[in-house]
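What follows is a short report on a single structure.
The values are calculated or read from the model by the stated rules, or taken from the named source; none is laboratory data. Source: prediction; values computed, not measured. All Cβ positions, even for glycine, are placed from backbone atoms using ideal geometry, and neighbour counts span all protein chains on display. These area figures cover heavy atoms from the full protein model, side chains too; ligands, DNA and RNA do not enter into them. Shrake-Rupley method; radii C 1.70, N 1.55, O 1.52, S 1.80 Å.
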Amino acid sequence: MVKTLTKVGNSKAVIIPKQMIVKFKLGRTVMIEETEEGILIKAVQKETSFQKKMRIARQNKEEIYRRLREQANDPATKAWYANPENNFGDVAVEVYDDY
C-alpha cells in the first residue's frame, strides 16, 4: 500500500486506514521503532496488573531486600525454620521439574 506523507507543522504524518487500526488494535498512542527494513508502527502494549506489580517491586527492591534481611534475622523466624516439622524436605522433586 502506498501512502502520501502529509505536512503537519514541521513534521510529516501518514494516515493509517481504519481497517489496519482495528486489525492491529492501535489506540491513541502507538510505538514507533526503527528497524533495518524501515519504520515499524505497533500498538502500545497495556501493562497487566502482574507487570505493574513487578515494576513496583523492582522500583522498591532495596526496601524489599532490607525487609527480607530483617525478617531472616528475626529470632521467631529462625526458630520456625529450626523446627524439623517445618522442613520442606518431603516435597516431591517432580514438582520443581515443571518450572
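Residue under question is residue 33, and the condition is that it be within 22 Å of the chain's Cα centre (by Cα), part of a strand (DSSP E or B) and among the charged types (D, E, K, R); does it hold? Taking the combined requirement at face value, the residue satisfies it.
Out of 49, 11, which single residue is at pLDDT 95 or above and farther than 30 Å from residue 77 by Cα? Please lay out each step first, then the result.
Values: 49 fails: at pLDDT 95 or above.
None of the other options fit; the residue is 11.
Listed by position, the helices (runs of 4 or more DSSP H) enclosed by segment 52-99 that each have at least 1 residues that are basic (Lys, Arg), at pLDDT 85 or above and in contact with a helix residue (DSSP H, G or I) (Cβ under 9 Å, 6 or more places away or on another chain) are 75-82.
In segment 1-21, what count of residues is obtained for those that are part of a helix (DSSP H, G or I) and either loosely packed, with under 10 Cβ neighbours inside 10 Å or in contact (Cβ under 8 Å) with a residue 24 or more places away in the chain (or both)? Walk me through how you get there before you give the answer.
Here is the first cut: in segment 1-21, the ones part of a helix (DSSP H, G or I) are 18-21.
Subsequent filtering for residues that are either loosely packed, with under 10 Cβ neighbours inside 10 Å or in contact (Cβ under 8 Å) with a residue 24 or more places away in the chain (or both) retains 18-19.
Within segment 1-21, residues that are part of a helix (DSSP H, G or I) and either loosely packed, with under 10 Cβ neighbours inside 10 Å or in contact (Cβ under 8 Å) with a residue 24 or more places away in the chain (or both) number 2.
For beta carbons closer than 9 Å, sequence separation of 6+ or different chains, a first residue in segment 32-43 that is surrounded by 11 or more Cβ atoms within 10 Å (Cβ to Cβ) and a second that is basic (Lys, Arg), the qualifying pairs are 43/25. Taking each residue of segment 56-81 that is on the phi < 0 side of the Ramachandran plot and looking for partners that are open to solvent by 100 Å² or more (accessible area, probe 1.4 Å) with beta-carbon atoms closer than 6 Å, six or more apart or interchain, yields 77/71.
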